[in-house]
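Undergrad: What follows is a single structure, and I will ask about it in a moment.
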Amino acid sequence: KLINTNYVLVGQLCVAKSHRGLGLVQSMYQYFQKTYNKTYSYLITDVDERNMRSIKAHKKSGFEIIDTIRYGESNWHVILWDWNK
């Protein structure tokens, strides 16, 4: 449960096809961690379960799936990066 913890939420990250594979997602998340890890314990976002490229990139950055929710026609994985590890 996250009710008594400090965490930051990140919306959808979109990387143009021409810039994919350059490590931009990992670079952005590393910047977030460096900038905010003294204030927040976790970074949380969500990814459509069908977006395997994004799930792979997030797992590579250190995220883990903590829940799945249904929204509209899609299932979304709620993913968390524990900055205390």
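Undergrad: Of everything in region 52-61 that's among the hydrophobic types (A, V, I, L, M, F, W, C) and open to solvent by less than 60 Å² (accessible area, probe 1.4 Å), which residue is modelled with the highest pLDDT? Even if it seems obvious, please write down each step before you answer.
TA: Start the filter on region 52-61 by keeping residues that are among the hydrophobic types (A, V, I, L, M, F, W, C), which leaves 52, 55, 57.
Add one more test, that the residue is open to solvent by less than 60 Å² (accessible area, probe 1.4 Å), and what stays is 55, 57.
Working: I55: 93, A57: 85.
Filtering region 52-61 for residues that are among the hydrophobic types (A, V, I, L, M, F, W, C) and open to solvent by less than 60 Å² (accessible area, probe 1.4 Å), the one modelled with the highest pLDDT comes out as I55.
Undergrad: Which is among the charged types (D, E, K, R), free of Cβ contacts under 8 Å to residues at least 12 places away in the same chain and open to solvent by 40 Å² or more (accessible area, probe 1.4 Å), of E64, E73, E49?
TA: Working: E64 fails: free of Cβ contacts under 8 Å to residues at least 12 places away in the same chain; E49 fails: free of Cβ contacts under 8 Å to residues at least 12 places away in the same chain.
Exactly one of E64, E73, E49 is among the charged types (D, E, K, R), free of Cβ contacts under 8 Å to residues at least 12 places away in the same chain and open to solvent by 40 Å² or more (accessible area, probe 1.4 Å), namely E73.
The values are calculated or read from the model by the stated rules, or taken from the named source; none is laboratory data. As the structure is a computational prediction, the values presented were derived from the model and not from experiment. Using ideal geometry, Cβ is built from the backbone for each residue, glycine included, and neighbour counts are taken over all protein chains shown. For the accessible areas, the whole protein counts, side chains as well, though only heavy atoms, and no ligand, DNA or RNA atoms are used. Shrake-Rupley method; radii C 1.70, N 1.55, O 1.52, S 1.80 Å.
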